[in-house]
Amino acid sequence: MGRTTTLRYLPDLYPQSPYRLRSLLLDELRRNIATNIWQFREEINGVSARLQHTELNTADHENRIQTMERQMAALQREQTQAKENMAVMEDKRRWKNIKTRGLPDTLEPAEFPHLFRRMLNTLFPAKQAKAIPLDGWYRIPKPATSTQSNSRDTIICFQQSQDQLAFMAAIRNRSPLQFEEHSLTFFPDLSRATLDWRRSLHPLTKGTHCPKILYRWGAPRSLIIPKEHGDLKLTNAAEIPGIVQANGCSTISADTFHYYSLGPREGAPIRTGGPPRKPIVTLRVMNCSQNTTIIYRTFCNSSTVSFFSLSPFALNVYHMFT
């Protein structure tokens, strides 16, 4: 460590009085403090300038992000509209087709036109059946990963959409159609997007079963309910509760419903906890004016049951009794 020199040991170099030395030290400290304050002020000013620049850049980036979000939302709307337009175009392309299920894969291509002609003769008068031209038919290929052994669906192509509508009307109450040892089921040939959209309306079309609600499918993608003062058009599942309530029905949630097995299974563990079992309850639905058939049986831990659920959607139930 180097040698430390202080005023106490150097009286010849500093002949001034102690008061003078103290004054010099104070002046030096003031200059150092003033210099440090000035440096700190300059640094603070520099930080403030950089912070202001950062804030301006942040605001600019936020504006750009908002602009990009608006553009993304617009692109998503355009993409959704494009998908809907493609689905509509695909449905229009399939408008003259019918999907058939039940024809064996062993049926030869040359045999199908004759079989279809015989089918038309059983559904229509001979003159009308002869006037229905067939544009063609083909099998729907199975996915490469499919392990099912059932027959592939068949697409029947008509030349005129009126013939397709007449055929669907003729087999509406006869599907599945028993024809020459074949049990045939017919469906409209729709795009996957339209099928998914129709499935989203199952709480209304499959769950309600109310005679007051009559509907028909409309184009391009709508469900039409006839009314006295004009048809009511439904385009998405969010409109179902209002339509159901307008027809005198109430939607009841099924979140708190409990299901139990009908009896102890062989080898099942002994049940030691949970609510006690109640006697079996037969649930029936009163659909506005008449009772339907028994649709579900279950055990329930609630003494009063007012709802049930057979799907992820809430179904409409008006009255239940044992």
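Put simply, the amide H of LEU232, placed in the peptide plane, has neighbours under 5 Å in ILE225, LYS227, leaving out anything fewer than 5 places away on its chain.
Segment GLU78..ARG199, full-extension length gain: 41.2 nm, with 0.36 nm per residue of separation and the alpha-carbon distance subtracted. 3J(HN,Hα) couplings calculated from phi for the range 31-44 with the Karplus curve 6.51 cos²θ - 1.76 cosθ + 1.60 (θ = phi - 60°) are, in sequence order, 4, 5, 5, 4, 5, 5, 4, 5, 5, 4, 4, 5, 5, 5 Hz; Gly and Pro show x.
The label point for LEU214 and the one for ILE44, both projected 7 Å from the Cα toward the Cβ, are 8.4 nm apart.
Take the Cα of ASP135, step 7 Å toward its Cβ, do the same at THR67, and the gap between the two points is 4.8 nm.
Of LYS83/LYS233; LYS130/LYS233; LYS99/LYS233; LYS83/LYS127; LYS96/LYS142; LYS99/LYS127, which ones are farther than 32 Å apart at the Cα? Violating the 32 Å Cα-Cα cut-off are LYS130/LYS233; LYS83/LYS127.
Taken together, the values in this text are just the output of simple stated rules run on the coordinates, not laboratory data. Because the structure is predicted, anything quoted here is derived from the model rather than measured. FYI the Cβ positions are ideal-geometry reconstructions off the backbone, even for glycines, and counts take in every protein chain you see.
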